[in-house]
Amino acid sequence: MKKNIILKTLTLAIGLIAYSSTFAQCDTIASLCEKNMNTEYISDGQNYRALLLDDEIAEFNMTLYGGSTYRFAACSGLADGNLIFSVFDKERNLLFTNKDYSNAPHWDFKITSTVDCIIEANLDPNSLASGCAVLLVGFKQ
């Protein structure tokens with residue numbers, strides 16, 4: 001009985017440590033990704049993060065407002081170009097993918113009319129098998 005309690009406590013402790021280290025990894029990647037946001041852009045204040053394994057895809061929903069210019073910065077790992085991101089409208093029509101541009105770590109979008117978007121992010125299978133995906137979104141001042 002005592003052995004079961006110790007085993008459960010140990011398992012819980014290991015799980016909490018692993019969970020904490022995952023967030024620490026994402027914080028590090030987010031800090032590195034910020035270099036792709038210059039002072040012209042103000043953060044939208046959201047945290048778009050996901051832990052991806054193998055061929056998993058993270059999905060983020062957002063509204064982009066007409067008359068604005070946005071910058072998306074997408075990172076995973078310690079080098080640029082590891083994260084593929086694609087922007088779709090609500091009907092899943094592809095509007096943009098950085099895959100067509102050598103997995104560019106950031107891209108600017110000038111939005112003429114308000115659109116609800118779905119952003120999908122996945123790891124480049126040639127670069128990483130797992131990792132934290134970070135998407136930063138900013139709008140031009």
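The values are calculated or read from the model by the stated rules, or taken from the named source; none is laboratory data. None of these values were measured; they are calculated from a predicted model. Note that each Cβ is placed from the backbone with ideal geometry, even for glycine, and that neighbours are counted across all protein chains shown.
What the table shows:
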| quantity | calculated |
| --- | --- |
| Residue within region 96-114 that is of a type outside the set (D, E, K, R), modelled with pLDDT under 90, in contact with a helix residue (DSSP H, G or I) (Cβ under 8 Å, 6 or more places away or on another chain) and part of a strand (DSSP E or B) present | no |
| Tally of residues being outside any loop (DSSP other than H, G, I, E, B) and at pLDDT below 90 across region 130-141 | 2 |
| Positions within region 74-128 being surrounded by 15 or more Cβ atoms within 10 Å (Cβ to Cβ) and either at positive phi or of a type in the set (Gly, Ala, Ser) (or both), in sequence order | 74, 76, 77, 81, 86, 103, 104, 121, 127 |
| Test result for residue 67, at positive phi and either within 14 Å of the chain's Cα centre (by Cα) or of a type in the set (Val, Ile, Thr) (or both) | no |
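One line per residue, one yes/no per condition, for (1) over 14 Å from the mean Cα position of the chain (by Cα); (2) in a loop (DSSP other than H, G, I, E, B); (3) modelled with pLDDT under 90; (4) not charged (D, E, K, R):
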| site | (1), (2), (3), (4) |
| --- | --- |
| 27 | no, no, yes, no |
| 38 | yes, yes, yes, yes |
| 62 | no, no, no, yes |
| 74 | no, no, no, yes |
| 80 | no, yes, yes, no |
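Here is a yes/no grid of residues against (1) modelled with pLDDT of 95 or more; (2) within 15 Å of residue 36 (Cβ to Cβ); (3) part of a loop (DSSP other than H, G, I, E, B); (4) among the hydroxyl-bearing types (Ser, Thr, Tyr):
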residue	(1), (2), (3), (4)
70	yes, yes, no, yes
77	no, yes, yes, no
116	yes, no, no, no
128	no, no, yes, no
